[in-house]
Amino acid sequence: MKKILLLSAIFCYSFISGQIKSPQPSPTATITQKVGVSDISVEYSRPGAKGREIFGGLVSYGKMWRTGANKATKITFNENCVFGGAKVKKGSYSLFTIPGEKEWRVVLNKNTELWGVGEYDEENQVCSIVAKAINTKDFTESFTIDFGTFQSFSAIMSLKWANTKIDIKIESLEAKKLEKQYLELLTKGPSANDYYNGAKFFADNTSEYEMALEWINTAIKKRPDAFWMQFHKARILKKMGNNKESISVAEGVIELAREKKDDYGYIKRSEDLIKSIKSK
């Protein structure tokens, strides 16, 4: 009789346990982000700090970490890209890190089925980069991967936990293709819009501000009434640190735009640009 009762209790416990979904101690998460024309997705687990010392404690310095919990973090690129300065072909990779007090090593590996670091094989490693360890004022309770600092063809992927984070710049190689196309285009009798679009591209995606300024000036010479072109000249001047001239050009944009039937929001954008410079 006792055996029957015991077996019944075990059966009931197993049945109930199978019906109740308990919360995971390290829940899984997926983040998908478009960078330029490329799609990037990251699948990872999010362990919590729970009052523990994280880096230099739970996660040792100088030792490889699966960068999360459970199965290794997986990152997928649908286009070739530049990951922290290293060219990476499109595909899926496991992401591992070696945390340090001042800098981390970040590696991508072809094997996406790894669980922990026990079977890590360097022969499958596709890149290894270094990222600065940044101390943060805000405490991140659960390990977090997110994206920010967006430009037309790049973004920053941040890994955060406790009071530490690292930033990795990811760039779409499409930017390089467009750069080449613009340079070729501008040798074939380009229009004002060609110069204008090229100037915006180089100002937003490269540090070739002198070239961007030269091209926007050529565009404006061809279309002196195009106040939107003048606005982007003001933006380029601001990027170059020429704040006084940037304000002057932005004020000219406001005057030009007021004469038109529709300013398409450029008066407000110019006013905001001026405020952003004067507030510094």
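Rounded to the nearest 10 degrees, the inclination of helix 243-258 to the longest alpha-carbon principal axis of the chain is 70 degrees. Using only Cα atoms, find the angle between the long axis of helix 209-222 and the longest principal axis of the chain, and express it within 0 to 90 degrees, rounded to the nearest 10. Approximately 50 degrees, to the nearest 10. Rounded to the nearest Hz, the phi-derived 3J(HN,Hα) couplings of the range 224-237 under the Karplus curve 6.51 cos²θ - 1.76 cosθ + 1.60 (θ = phi - 60°) are x, 8, 7, 5, 5, 5, 4, 4, 6, 5, 4, 4, 5, 4, where x marks glycine and proline. Taking other C-beta atoms within 10 angstrom as a stand-in for reagent exposure, W65, W104, W115 fall in the order W115, W65, W104, fewest first. Put a dot 7 Å past the Cα of K260, heading toward its Cβ, do the same for I134, and the two dots end up 3.6 nm apart. Note on the chain: with a GNM built from Cα contacts shorter than 10 Å, the maximum mean-square fluctuation among S45, S154, S248 falls on S248. Among K188, K233, K165, the order by Cβ neighbours within 10 angstrom, fewest to most, reads K188, K165, K233. Positive-end ranking of A29, T76, L186 along the dipole of the chain, with charges on Cβ about the Cα centre, is headed by A29.
Between T28 and N163, the simple spin-label model (points 7 angstrom out along Cα→Cβ) gives 3.4 nm. When mean projected area of the Cα convex hull in nm² is calculated for this entry, the matching label among (1) 22.5; (2) 15.5; (3) 17.0 is (1). If one takes the longest principal axis of the Cα atoms in the chain, at what angle in degrees, from 0 to 90 and to the nearest 10, does the Cα axis of helix 192-205 lie? Taking Cα atoms only, the helix is inclined about 40 degrees. Which whole-number percent gives the relative contact order of the chain, counting Cα pairs below 8 Å spaced six or more residues apart? Result for the chain is 12 percent.
Among D167, D263, the ranking by other beta carbons within 10 Å of each residue's beta carbon, starting with the fewest, stands as D167, D263. For T76 and R52, the difference between the fully extended length at 0.36 nm per residue and the C-alpha to C-alpha distance is 5.6 nm.
With 20 Å as the limit on Cα-Cα distance, the pairs of K87/K169; K89/K110; K34/K239; K137/K280 that go past it are K34/K239; K137/K280. When the Cα centres of the range 68-104 and the range 192-219 are compared, how far apart do they sit, in Å? The range 68-104 and the range 192-219 have Cα centres spaced 33 Å from each other. Restricting the chymotrypsin sites (Phe, Trp or Tyr not before Pro) of the range 195-280 to loop positions (DSSP other than H, G, I, E, B) with no more than 13 neighbouring Cβ atoms within 10 Å leaves Y264. Among the trypsin sites (Lys or Arg not before Pro) in the range 16-120, those located in a DSSP loop and surrounded by at most 15 other Cβ atoms within 10 Å of their own Cβ are K21, K50, R52, K63, K89, K90, K102, K110.
Between Q125 and K110, the built amide H atoms are under 5 Å apart, and every one of these is 5 or more places off in sequence or on another chain. Per-residue extension of 0.36 nm, minus the Cα-Cα distance of N217 and T149, leaves a gain of 21.7 nm for this segment.
Taking label points 7 Å from Cα along the Cα-to-Cβ direction, E119 and R105 give a separation of 2.3 nm.
Each value in this text was obtained by applying a stated rule to the coordinates, not by laboratory testing. Here the structure is a predicted model, which means the values were calculated and not measured. All Cβ positions, even for glycine, are placed from backbone atoms using ideal geometry, and neighbour counts span all protein chains on display.
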